[in-house]
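Asker: Here it is, the structure, as structure tokens.
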Amino acid sequence: MMMRNGVDMERVNARVEAMRKDPAEGRKTLSGITSWNGGAHSTTIVRNFAIPADEPGAIGGTNRGPSPMELVLTALSACIAISIAYSAAEDEVEVHSIEIDVEGDLDLRGLFEITDDVRPGFEEVRVTVRMEADAPREKLEELVNHGYRRSPVVDSLEGKVPVRVCLAQEDAGTA
């Protein structure tokens, strides 16, 4: 087994080759189920993982988990870290550490519909990567940029991904 930076390159390369032969091998539908626990608290099951979400007490939550927007930042920085690690492994660069600071500016007036001219989402997100690896700074910059460009979370946040929401056809318990 060929491991580089903790990435099983044999499995990755086999998967890439399968996708080259049959594009359908690369198409996946990811899913989860979220259950509301009352107030602002919910739990989402993704694969075998239970992920709590809540809001801080200052805006009516009970602080039993990160806020959904904090989870967006978590997904973003984790995806960039993974993409950098994969890019480095493909380029045969040994990585010793990757740390990412991520922060986003949010105006809660949008969530609470206080004004029509404020969006409920992030106004800007900033990502700072610190990385130690056996490569010169120019190569590290290249790996960070490549990781950023290939990140599905970055693409989903920066792109216009359609989101369709509907009420299930089953009886929702209404009288």
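Asker: So what J values fall out for the range 48-62 if you push phi through Karplus, 6.51 cos²θ - 1.76 cosθ + 1.60 with θ = phi - 60°, rounded to Hz, Gly and Pro as x?
Answerer: My calculation for the range 48-62 gives 10, 10, 9, 10, x, 9, 7, 10, x, x, 4, 10, x, x, 10 Hz in order.
Asker: Report the residue, chosen from GLU141, GLU123, GLU132, that carries the largest GNM mean-square fluctuation when the chain is represented by alpha-carbon nodes joined by springs under 10 Å.
Answerer: GLU123
Asker: Same structure, new question: What ranking do 74-84, 33-43 get when scored by the average of other Cβ atoms within 10 Å per residue, highest first?
Answerer: Sorting 74-84, 33-43 by mean packing, highest first, produces 74-84, 33-43.
Asker: Follow-up question, since we're still on this one. Let's see if you can work this out: charge +1 on each Lys and Arg Cβ, -1 on each Asp and Glu Cβ, no other charges. What is the dipole magnitude of the chain about its Cα centre, in debye to the nearest 20?
Answerer: 600
Asker: Now for a different question. Report ³J(HN,Hα) in whole Hz for each residue of the range 92-107, in order, from the Karplus equation J = 6.51 cos²θ - 1.76 cosθ + 1.60 where θ = phi - 60°; Gly and Pro get x.
Answerer: Values, residue by residue: 6, 9, 7, 9, 9, 7, 9, 10, 10, 9, 9, 8, x, 8, 10, 10 Hz.
Asker: Determine the calculated [θ] at 222 nm for the chain from helices alone, applying -39500 (n - 2.57) to every DSSP H run no shorter than 4 residues and normalising by the residue count; nearest 500 deg cm²/dmol.
Answerer: -11000 deg cm²/dmol
Asker: Apply the a/c threshold of 1.5 to the C-alpha gyration tensor of the range 1-42 and tell me whether it is rounded, prolate or oblate.
Answerer: It is oblate, given that a/c is not under 1.5 and a/b is not larger than b/c.
Asker: Let me make sure I get this right: for the range 82-126, a, b and c are the square roots of the gyration tensor eigenvalues over alpha carbons, sorted descending. Under 1.5 in a/c it's rounded, otherwise prolate if a/b > b/c, else oblate. Which is it?
Answerer: Verdict is prolate for the range 82-126.
Asker: Okay, moving on. In percent, how large is the relative contact order of the chain, given Cα pairs closer than 8 Å and 6 or more residues apart?
Answerer: Relative contact order here is 16 percent.
Asker: Around ALA133, which amide H atoms from residues at least 5 apart in sequence, or from another chain, sit under 5 Å from its own amide H, with H modelled in the peptide plane?
Answerer: Sorted by chain and number, the residues that satisfy this are HIS96.
Asker: Could you state the number of Å between the C-alpha centres of the range 126-175 and the range 1-62?
Answerer: 12
Asker: Can I ask one more? At 1.4 Å probe radius, can you tell me the per residue accessible area of the range 110-172 in Å²?
Answerer: For the range 110-172, the per-residue accessible area is 86 Å².
Asker: I'd like the Karplus ³J(HN,Hα) series for the range 73-78: coefficients 6.51, -1.76, 1.60, θ = phi - 60°, whole numbers in Hz, and an x wherever there's a Gly or Pro.
Answerer: Values, residue by residue: 4, 4, 4, 4, 5, 5 Hz.
Asker: Is the chain rounded, prolate or oblate when judged by the Cα gyration tensor, a ≥ b ≥ c being the square roots of its eigenvalues, rounded requiring a/c under 1.5 and prolate requiring a/b larger than b/c?
Answerer: prolate
Asker: Just grab the label-to-label distance for ARG149 and ILE59, each label 7 Å out from Cα along the Cβ direction, in nm (one decimal).
Answerer: 3.5
Asker: Counting only protein heavy atoms and using a 1.4 Å probe, what share of the accessible area of the chain belongs to carbon plus sulfur, as a whole percent?
Answerer: C and S fraction of accessible area: 52 percent.
The values are calculated or read from the model by the stated rules, or taken from the named source; none is laboratory data. These numbers were taken from a predicted model, which means no experiment stands behind them. Methodologically, a virtual Cβ is constructed for each residue, glycine included, from the backbone with ideal geometry; neighbour enumeration extends over all protein chains shown. All accessible areas refer to the heavy atoms of the entire protein, side chains included, with ligands and DNA or RNA removed. Shrake-Rupley method; radii C 1.70, N 1.55, O 1.52, S 1.80 Å.
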